[in-house]
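The block underneath contains the structure these notes are about, expressed in structure tokens.
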Amino acid sequence: MASVKACELSELTVDEAKRCVLDGVPIAVVLDSSGDVHAIGDTCTHGDISLSEGFVEDGTLECWAHGSQFSLTTGKPLTLPAYEPVPVYPVEIIDGSIFIDPNVTKEI
């Protein structure tokens, strides 16, 4: 499957996550303070909670419910209670639109 449009770059706010559901796959899209766009699985591996409702800080997305922090670049949990990573997706930006293939994850 090819990449699908997730959202417009202009819809993102720095250091906030936006939830996008692409072909049934929930993905959190984040514009970090360096201007990089990240896409990671939007479901916490500890509590089945939407990560996009959490907090972005220092290259991580923190689950609001139990505090697990996931790396935006690797998807790995950096704090407990989560110990399983979330998937990370390649992002392509074309003419201000963000495209993600929800069936392809980055090899980290």
Under 7 Å by Cβ, and 6 or more places apart or on different chains, what pairs join a residue from the range 82-98 that is without any contact (Cβ under 8 Å) to a residue 40 or more places away in the chain with one that is open to solvent by 70 Å² or more (accessible area, probe 1.4 Å) and not aromatic (Phe, Trp, Tyr)?
Ala82/His46
Only one of these is over 15 Å from Glu92 (Cβ atoms), more than 13 Å from the chain's Cα centre (by Cα) and among the aliphatic types (A, V, I, L, M): Ala65, Ala17, Ala2, Ala28. Name it.
Ala65
So which residues in the range 33-49 are open to solvent by 20 Å² or more (accessible area, probe 1.4 Å), more than 15 Å from Pro102 (Cβ to Cβ) and within 11 Å of the chain's Cα centre (by Cα), if there are any at all?
Val37
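Just name the residue that is most open to solvent (accessible area, probe 1.4 Å) out of those in the range 56-86 that are in a strand (DSSP E or B) and within 15 Å of Ile27 (Cα to Cα).
Among them, the one singled out is Glu62.
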Selected residue [open to solvent by less than 60 Å² (accessible area, probe 1.4 Å), at negative phi and modelled with pLDDT of 95 or more] from Ile100, Ile94
Ile100
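Of all residues in the range 10-23, count the ones that are farther than 16 Å from Leu72 by Cβ and surrounded by 12 or more Cβ atoms within 10 Å (Cβ to Cβ).
Within the range 10-23, the first condition is being farther than 16 Å from Leu72 by Cβ, and the residues that meet it are 10-11, 21-23.
Remaining after also requiring surrounded by 12 or more Cβ atoms within 10 Å (Cβ to Cβ): 11, 22.
Looking only at that region, the number is 2.
The values are calculated or read from the model by the stated rules, or taken from the named source; none is laboratory data. Note that the coordinates shown come from a computational prediction; the quantities given were computed from them, not determined experimentally. Note: ideal-geometry Cβ built from the backbone for every residue, glycine included; neighbour counts use all protein chains shown. Heavy atoms of the whole protein, side chains included, go into the accessibility calculation; ligands, DNA and RNA do not. Shrake-Rupley method; radii C 1.70, N 1.55, O 1.52, S 1.80 Å.
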